[in-house]
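Everything on this sheet refers to the single structure shown next.
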Amino acid sequence: MSFVVRCIDCGHKAPYFPTSINCPRCNSQWREAEYDFETIAKSLPLQLPARLFDLWRYKELLPVRNPNPTIMLGEGGTPLIQAVNLGMMLGCPNIFIKDERQGPTSSFKDRQAAVTIAALKEAGITEMVAASTGNVAISYSAYAARAGIKLWAFVTSLVPAVKMREIALYGSQLVKVTGSYDQAKQVAAEFARQRNLYLDMGARTITSVEAMKTLAFEIAEQLTNVLGLSTKPNKKTRAAWRSPDWYLQSVSGGMGPLGVAKGFSELQKMGFIAQVPAIAAIQADGCAPMVQAWKNNAETAEPVTSPRTHIETLATGDPGRAYTLLRKHVSDSHGVFESVSDEEAFRAMHVLAKMEGISTEPAAAVAFAGLFKLVRSGMIKPTDVVVVNCTGHTMPTEPFVLGDNWARNVVLPSRVMEETPQEGLLAALSRVAPDRFPRIAIVDDSEEARRLIRRILQSQGNFTIFEAESGKKALKLARKELPDLMILDLMMPEMDGFAVLDALRAKPETASIPVIVTTAKELTPEEKGKLKGQIQALMQKGDFLSDEFLEEVHTLIG
């Protein structure tokens, strides 16, 4: 394998060694690995079919000369899951979740630890120091234990105790710093300097950034398997792999998306993909120095000295030069920096769990809250292919996530609504309570629409749910089961919702069944007039993206 380390400031190239952290020419600590892309582009496609789908599948593009199988833990090769229900909810069908929870310690930081520890083991290094808000230290602890390397882990006192216990369980020396994460990094750096120990330096650590590239490599291969070869090849494209239109990730120091952006850029250099995706870096409102700098069109980020977020994992107040480098990737890819509140992240946790069966920690939920925001704003288009990094296992639920009154019922008024107000599907269904309407019939000719409504209802309580895919079957079902409520699609072939309503009202036994009407189109005044006084509510199927979206989600879960 042939690679060198190139200084991004002066361009000087030198061999790689983990303890050589400064450029020999200009003393810069900002360097990156560079490979023989032309040779690898020819040989790698021939090698891949015989290799396991894991991180080391791309070993020619990693700064480890001889990967040691005895210290591997099954890193990489995580699933790419299509978020079918979330896609329907948002009107964006090609949303994919890169499920990094399924790494050895349930975090995408396992990639960083796997490659860095492999390089340290190869170089004969037996002791290291790392500062962390939790997940990095857990990953390093596991791999350091496996490789026989002693780890000094410096964490802030705000890191959840359960994470601290996991770090200690692996045998790492845990040092709890009462202060901010940036202060913990300073203490760790001084400790490493005094003892002359190897120090993980985040985005300045070559192995860390290089490890994150493998996310891009895997995503391109996985999307190709799901969606087929790219329809936008260029003259240089060899393999015509797929790349997404957007890659979203929650961001603290910025190392992850820096590596992912580098990975997609290398795939483009080798002719494997036609385009690099837009990068969306999402931060927590209470600690969003990158977002503020982006909005101010600033080259450097002003440090946040006192982070105000419960999501401690993302509380990096001073990203330093990592922001400047990431800013260029985001700008070149036509991406964006965005922030969301803690509350928006907690709500996104609930939506993701209830709609896709995926439970994740608040830091990863920040990325999904960002997804909702970017779709609502129109920046992410319905036709875009989107990949969201989902990392971090669910810790025991903190009190501030659920709040005080997290279990309550909202009962739909029993009287018929005089004006039949039109509202979003999520908002209307959130007012359907199982104690009022335990038996519900869902009538829609679209199987996907029925499934979506069923999932939302099931997230709220124990309903008995019946389904019918046509008007005629709906009437037969209504006469047989006498449901407490019918959710009726207006636009069905053969017998539409208007005809079903007329038939229901014509029979004494079904005349009093409450009906909520759903429609995907804007109704005319005449059509609305026909419904007046006949139904409980009128729901717009695609209206998830109103300004009240997050409040509707809050109502749904509360």
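The values are calculated or read from the model by the stated rules, or taken from the named source; none is laboratory data. Please read all numbers here as calculations on a predicted model, not as lab measurements. Counting neighbours? That spans all protein chains shown, and the Cβs are built from the backbone with ideal geometry, glycine included.
List the residue pairs whose Cβ atoms are under 7 Å apart, where the first residue sits in segment 164-190 and is within 24 Å of Arg146 (Cβ to Cβ) and in the same structural domain as Val136 (by TED's automatic domain parsing), the second is surrounded by 15 or more Cβ atoms within 10 Å (Cβ to Cβ) and of a type in the set (S, T, N, Q), and the two are 6 or more positions apart or on different chains. Going by the 7 Å Cβ cut-off, the qualifying pairs are Ile167/Ser141; Tyr170/Ser141; Ser172/Ser141. Here is a check on your reading of the model: is Ile117 crowded, with 22+ Cβ neighbours inside 10 Å, over 21 Å from Cys390 (Cβ atoms), in the same structural domain as Lys185 (by TED's automatic domain parsing) and out of contact with any Asp or Glu (no Cβ under 8 Å at 6 or more places or on another chain)? Considered against the rule, which asks whether it is crowded, with 22+ Cβ neighbours inside 10 Å, over 21 Å from Cys390 (Cβ atoms), in the same structural domain as Lys185 (by TED's automatic domain parsing) and out of contact with any Asp or Glu (no Cβ under 8 Å at 6 or more places or on another chain), Ile117 comes out as yes. Counting residues in segment 84-91 that are farther than 17 Å from Tyr140 by Cα, buried (at least 18 other Cβ atoms within 10 Å of the Cβ) and in contact with a Cys (Cβ under 9 Å, 6 or more places away or on another chain) gives one or more. For the residues Thr300, Thr309, Thr224, the requirement of being farther than 13 Å from Val330 by Cα and surrounded by fewer than 18 Cβ atoms within 10 Å (Cβ to Cβ) singles out Thr300. Against the definition (under 25 Å from Thr70 (Cβ atoms) and either of a type in the set (Ser, Thr, Tyr) or touching a Ser or Thr at 6+ places or on another chain (Cβ under 7 Å) (or both)), how does Ile117 come out, yes or no? No, not satisfied. Here Pro18 meets the list (1) under 20 Å from Ala147 (Cα atoms); (2) modelled with pLDDT of 95 or more; (3) not assigned by TED's automatic domain parsing to the domain that holds Arg146 almost entirely, failing just condition (2).
Looking across Glu526, Glu509, one residue alone is over 40 Å from the mean Cα position of the chain (by Cα) and either without any contact (Cβ under 8 Å) to a residue 24 or more places away in the chain or closer than 24 Å to Leu352 by Cα (or both). It is Glu526.
Just name the residue that is farthest from Asp444 (Cα to Cα) out of those in segment 476-528 that are in a loop (DSSP other than H, G, I, E, B) and among the acidic types (Asp, Glu). Among those residues, the one meeting the criterion is Glu509. Reported count of residues in segment 31-57, each being buried (at least 16 other Cβ atoms within 10 Å of the Cβ), of a type in the set (Phe, Trp, Tyr) and not in a helix (DSSP H, G or I), is 1. Only one of the numbered conditions (1) in a loop (DSSP other than H, G, I, E, B); (2) in contact with a helix residue (DSSP H, G or I) (Cβ under 6 Å, 6 or more places away or on another chain); (3) in contact (Cβ under 8 Å) with a residue 40 or more places away in the chain; (4) not hydroxyl-bearing (Ser, Thr, Tyr) is not met by Glu60, and that is (1). Selection within segment 361-376: residues that are over 9 Å from the mean Cα position of the chain (by Cα) and aliphatic (A, V, I, L, M). The member of this set that is nearest to Ile95 (Cα to Cα) is Val375.
Inspection of segment 198-218 finds no residue satisfying the criterion of being in the same structural domain as Gly320 (by TED's automatic domain parsing), modelled with pLDDT of 90 or more, over 27 Å from the mean Cα position of the chain (by Cα) and not in a strand (DSSP E or B).
Lys150 satisfies every condition listed in (1) at pLDDT below 90; (2) over 28 Å from Val304 (Cα atoms) except (1). If you go through segment 155-197 and keep only what is within 28 Å of the chain's Cα centre (by Cα) and assigned to a strand (DSSP E or B), you end up with Val155, Thr156.
In a residue-by-residue description of segment 69-80, the property of being under 30 Å from Glu448 (Cα atoms) and among the aliphatic types (A, V, I, L, M) applies to at least one position. Scanning segment 283-314 for residues that are touching a helix residue (DSSP H, G or I) at 6+ places or on another chain (Cβ under 8 Å) and under 22 Å from Phe372 (Cβ atoms) gives Gln283, Ala284, Asp285, Gly286, Cys287, Met290, Trp294, Thr309, His310, Ile311, Thr313, Leu314.
Is it the case, given these coordinates, that Thr19 is surrounded by fewer than 18 Cβ atoms within 10 Å (Cβ to Cβ), hydroxyl-bearing (Ser, Thr, Tyr) and in contact (Cβ under 8 Å) with a residue 60 or more places away in the chain? Spelling it out, Thr19 is indeed surrounded by fewer than 18 Cβ atoms within 10 Å (Cβ to Cβ), hydroxyl-bearing (Ser, Thr, Tyr) and in contact (Cβ under 8 Å) with a residue 60 or more places away in the chain.
Is it the case, given these coordinates, that Gln222 is farther than 22 Å from Asn66 by Cα, at pLDDT 95 or above, of a type outside the set (A, V, I, L, M) and part of a helix (DSSP H, G or I)? So Gln222 passes the test.
Taking segment 274-300 as the range and being assigned to a loop (DSSP other than H, G, I, E, B) and more than 21 Å from Ala345 (Cβ to Cβ) as the test, the residues that pass are Ala274, Gln275, Val276, Pro277, Asn296, Asn297, Ala298, Glu299, Thr300. Is there a residue being within 30 Å of Lys373 (Cβ to Cβ), part of a strand (DSSP E or B) and among the basic types (Lys, Arg) anywhere in segment 79-101? The answer is yes; a qualifying residue exists. Of all the criteria given as (1) over 27 Å from the mean Cα position of the chain (by Cα); (2) part of a helix (DSSP H, G or I); (3) at pLDDT 95 or above, the one not satisfied by Tyr143 is (1).
Has segment 68-77 got any residue that is buried (at least 17 other Cβ atoms within 10 Å of the Cβ) and under 16 Å from Phe217 (Cβ atoms)? Yes: segment 68-77 contains one or more residues that are buried (at least 17 other Cβ atoms within 10 Å of the Cβ) and under 16 Å from Phe217 (Cβ atoms).
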